[in-house]
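For reference, the structure discussed in these notes is given below.
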Amino acid sequence: MNAFHLRVCCYTTGGYFCDGYILGSIGLVLPLIAGPMGLGSVWLGLLGASALVGIFLGALIFGPLTDRIGRQKILVFDLVVFVLASLAQLFADGPVLLLVLRLVLGLAMGADYAIGPALLCEFVPKRRRGNLLASLSAVWTIGFVASYAAGFAIQQLAGPEAWRWMLASSAVPAAITLLLRLGTPESPRWLMSRGRVEEARRIVHTYIGADYEPDEADAAVEPVRYRELFTRRYRSRTIFAGTFWLCQVFPYFAIGTFLPAISHALGLGGGLLGEVLYNLLLALGAVAGLLVMDLLPRRRFVIVTFAVVCIALVVLGLAPSGPLALVLPTFLVLAFVISAAACLESVYPAEVFPTEVRASGVGLAAAISRAGAALSTFVLPLVLDASGVGGTMLLLAAVVAAGLVLSVFLAPETRHLSLAEAAGTAARRPADAPDGAR
């Protein structure tokens, strides 16, 4: 590790901070604009899901593009879009324009989801890879929580038009991250995969050290077409990476986007008891997930956290009007564990795909996950109206249970393996992995 590695970590996690901030801010804004704009459940669901739909499309588009033209160009482009679209929200005069701007922001975030883990894992040393990749999700959560803190402060200062400034404030961290990304080099691993050995060697010598050489395992390979992600060679890792991620974010976004309504429905009220404590536990869970990432086997981590989240959701679903001594601790355990588990979302997908298709695979997994998140965000107001908070929690528990079953059958063990070894292990069933990889 050197100063350059830390810079790479800062400007990739900075993008994820912006992603979390942008997605978190809409949760506080929706209750403020619902009345003045005359928004019903459908419009609230559309606005809540709009950025997630954009992420779905952006990850599908920019993942393959990043594998084709390189990491560096997209790295800067998406942050320019962050800044401009964030500021444009100041001038949104109705739900239609706001919907369009949120879609545009989602497209840029989709690009960042595809490129961030791919670039970071291609630069950092193997022994620090797990923690540094986990920092992406941890910082995403910090950004999500920071949007609530900033939103509460802006709401006190800006009056009736506070929602505009709450949304536009994401331009500040985006501009800072953009400055950090200017002048960044291309990934040596990507250059090696394209046969540009001398360029890769020059970057390694300049930024890593003269005693280091590019990894020969990444030497020019046959280009992989996007559709090959669905062939027998990649199919199991594509299914696992996308589906486990979807099952994790489905309840995360559903609860986070409509936290005030869910907190009230569970009898927790607002303010300190409900929203603030939930967000505090999200932040603590993100830090815990980051710290234990390289201490626990990946496979055990994903299975155990799915099980705990599922149990917590079932308890809340069966006893939504239960005593505060039961509901509040269960709600906070849910926040802590779901946030710690989210750290795997920036680790697993980046590890299970090889360099030549890494951004495409990560982008596809992100797209699948955000499709689920968009669906959960859109339908949650409707399910709350139709089935109440108990039925809503049980629906979320069913999705998490599906993720648990999937992980038992498909989750590989990638801790302590090189990127080439991890991608190879992911192609086999866990029971078939060599002893050292279990």
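Against the definition (over 18 Å from the mean Cα position of the chain (by Cα) and in a helix (DSSP H, G or I)), how does A286 come out, yes or no? So A286 does not fit the description; no. Within this structure, G195 passes the test of being more than 18 Å from L87 (Cβ to Cβ), over 29 Å from the mean Cα position of the chain (by Cα) and outside any helix (DSSP H, G or I).
The number of residues in the stretch 66-83 that are in a helix (DSSP H, G or I), more than 16 Å from S25 (Cα to Cα), touching a residue at least 24 places away in the same chain (Cβ under 8 Å) and not hydroxyl-bearing (S, T, Y) comes to 11.
Might you check whether a residue that is more than 22 Å from L180 (Cβ to Cβ), free of Cβ contacts under 8 Å to residues at least 12 places away in the same chain and in a helix (DSSP H, G or I) occurs anywhere in the stretch 17-30?
No, because not a single residue in the stretch 17-30 is more than 22 Å from L180 (Cβ to Cβ), free of Cβ contacts under 8 Å to residues at least 12 places away in the same chain and in a helix (DSSP H, G or I).
Note on the stretch 143-169: among residues that are among the aliphatic types (A, V, I, L, M) and buried (at least 19 other Cβ atoms within 10 Å of the Cβ), the one that is nearest to P95 (Cα to Cα) is L167.
Identification of helices (runs of 4 or more DSSP H) wholly contained in the stretch 320-423 with 2 or more residues that are hydroxyl-bearing (S, T, Y) and more than 20 Å from the chain's Cα centre (by Cα) yields 358-410.
Of the residues that sit in the stretch 54-73 and are among the charged types (D, E, K, R) and surrounded by 21 or more Cβ atoms within 10 Å (Cβ to Cβ), which one is farthest from G363 (Cα to Cα)? Only one residue tops the list, namely R71. Evaluating V172 against the criteria (1) surrounded by fewer than 19 Cβ atoms within 10 Å (Cβ to Cβ); (2) part of a helix (DSSP H, G or I); (3) touching a residue at least 24 places away in the same chain (Cβ under 8 Å) leaves one unmet condition, (3).
Which count do you get for residues in the stretch 79-123 that are under 17 Å from the mean Cα position of the chain (by Cα) and small (G, A, S)? The total comes to 7. Checked against (1) without any contact (Cβ under 8 Å) to a residue 60 or more places away in the chain; (2) part of a helix (DSSP H, G or I), D93 meets all criteria but (2). Does F82 qualify as being crowded, with 17+ Cβ neighbours inside 10 Å, within 16 Å of C18 (Cβ to Cβ) and aromatic (F, W, Y)? In short, yes.
Yes or no: the stretch 277-299 includes at least one residue that is basic (K, R) and either free of Cβ contacts under 8 Å to residues at least 24 places away in the same chain or surrounded by fewer than 19 Cβ atoms within 10 Å (Cβ to Cβ) (or both). Within the stretch 277-299, none of the residues are basic (K, R) and either free of Cβ contacts under 8 Å to residues at least 24 places away in the same chain or surrounded by fewer than 19 Cβ atoms within 10 Å (Cβ to Cβ) (or both). Quick check on the stretch 175-192: of everything there that is not aliphatic (A, V, I, L, M) and not in a loop (DSSP other than H, G, I, E, B), which residue is surrounded by the fewest Cβ atoms within 10 Å (Cβ to Cβ)? Top of the filtered list is R181. Beta carbons closer than 6 Å, at least 6 apart along the sequence or on distinct chains, pair a first residue in the stretch 321-337 that is within 16 Å of N279 (Cβ to Cβ) with a second that is of a type in the set (V, I, T) for V337/T305; V337/V308; V337/V309.
Quick note: the coordinates plus some simple rules give every number you see, no bench work behind them. Please read these numbers as outputs of a predicted model, since none were measured by experiment. Note that each Cβ is placed from the backbone with ideal geometry, even for glycine, and that neighbours are counted across all protein chains shown.
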